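What follows is one structure encoded as structure tokens, with my remarks underneath.
Laboratory data are not the source of any read-out in this text; all were calculated from the coordinates shown. These numbers come from a predicted model, not from an experiment. Ideal geometry is used to build each Cβ from the backbone, glycine not excepted, and the neighbour counts take in all protein chains shown.
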Amino acid sequence: MAEKPRFPLYRRAKTVPLSRRRHKVSLSMFGKVCRKGDSFHRFYDSLPRVLAAGDLRAVVDAIVAARRRGKPVLACMGGHVVKCGLSPVIIDLMRRGAITALAMNGSTSIHDFEVALIGKTSEDVQAGLERGTFGMARETGQMMNEALAIGEAEDLGAGWAIGRYILEKRLPHRDASLLAQAVRMRMPATVHIAIGTDIIHQHPQADGRVLGKTTMDDFRLLTEVVARLGSGGVVLNLGSAVILPEVFLKALTVARSTGRRVRNFTAAAFDMLVQYRPLQNVVRRPVAAGGKGYYLIGHHEIMIPLLARAVIEKL
């Protein structure tokens, strides 16, 4: 009696020629070897043309194309961007016209202000919390609340109120301030405050009416910027996990509700890990009806200078 073959179905499996298969990767997409002393241009050109390296190229090209077409490049930032020492990099992109508008949360404005005032920022939260001193730096609370109050009286939004104050008080390190430089360049710069989230709200000088009015004015200004993103603009979310993705989504809704066709723009998030709101509210939902979204993972202090240098080379 003949023995039954084992696994008969497996033995009937069909193969196809390798040449007929569609391939996602080819040798032409591989990285190149750089030599000692090569230029940045050669290094950038040596990156593989796959996955995140391809996404980085796409974002760089979108920024360059936006500027050549006169479309906005909006940079939305969390406080970590300043704490990582990247203000000079962002300011350089602003001067070159590669960033045309800034939006930040309250913590970013605080770090920006302290850098302008004393050239230092960021404290040991745990130690300060134990002593009841966390966030209670006198000058930060007094001066920033004063800046906002003066700005509110003159119908300025929070961003320009703080930036102009830094310039008018001639703070020692004003050249390193994002907000001060934005005012100098007459650039939209907005601060989006959630009351109770920032250390200056702990101080007796804090006035909810002032905070609310100045940040509401900035929300409306941001909506004007977002309304012009269609057909080639770029929005970058640099390290804001919650506030800026939420604010951007609402500003986009307002712009579209007025009939503006804010479609076919590029949205990119740069962060150290994938976060829900940047993924959904910046990279996916806003461009679902037209446009491209990218999420690049890596430390800000590496990825943002890399992005900046690549843009400069392309410009």
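Structure notes:
- The set of residues in region 206-217 being buried (at least 16 other Cβ atoms within 10 Å of the Cβ) and either among the basic types (Lys, Arg) or farther than 29 Å from residue 85 by Cβ (or both) consists of 210, 213, 217.
- Residue list for region 131-160, filter: outside any helix (DSSP H, G or I) and not acidic (Asp, Glu): 132, 133, 134, 135, 136, 137, 156, 157
- Qualifying residue in region 199-212 (condition: closer than 26 Å to residue 92 by Cα and free of Cβ contacts under 8 Å to residues at least 60 places away in the same chain): no
- Residue in region 172-186 that is more than 16 Å from residue 103 (Cα to Cα), touching a residue at least 40 places away in the same chain (Cβ under 8 Å) and not in a helix (DSSP H, G or I) present: yes
- Residues of region 12-68 satisfying the condition of being surrounded by 14 or more Cβ atoms within 10 Å (Cβ to Cβ), closer than 28 Å to residue 291 by Cα and aromatic (Phe, Trp, Tyr): 44
- Given (1) part of a helix (DSSP H, G or I); (2) under 17 Å from residue 77 (Cα atoms); (3) among the polar types (S, T, N, Q), number of the condition residue 190 does not satisfy: (1)
- Filtering region 264-315 to residues that are of a type in the set (Gly, Ala, Ser), surrounded by 15 or more Cβ atoms within 10 Å (Cβ to Cβ) and more than 24 Å from residue 41 (Cα to Cα) leaves 267, 291, 293.
- Filtered by the rule that a residue be among the polar types (S, T, N, Q) and over 13 Å from the mean Cα position of the chain (by Cα), region 259-280 gives 264, 275, 280.
- Set side by side, the residues 220, 228, 256 differ, and just one is over 17 Å from the mean Cα position of the chain (by Cα), in a loop (DSSP other than H, G, I, E, B), of a type outside the set (Asp, Glu) and surrounded by fewer than 21 Cβ atoms within 10 Å (Cβ to Cβ), which is 228.
- Residues satisfying the stated conditions in region 231-251, i.e. under 12 Å from residue 286 (Cα atoms) and not in a helix (DSSP H, G or I): 234, 235
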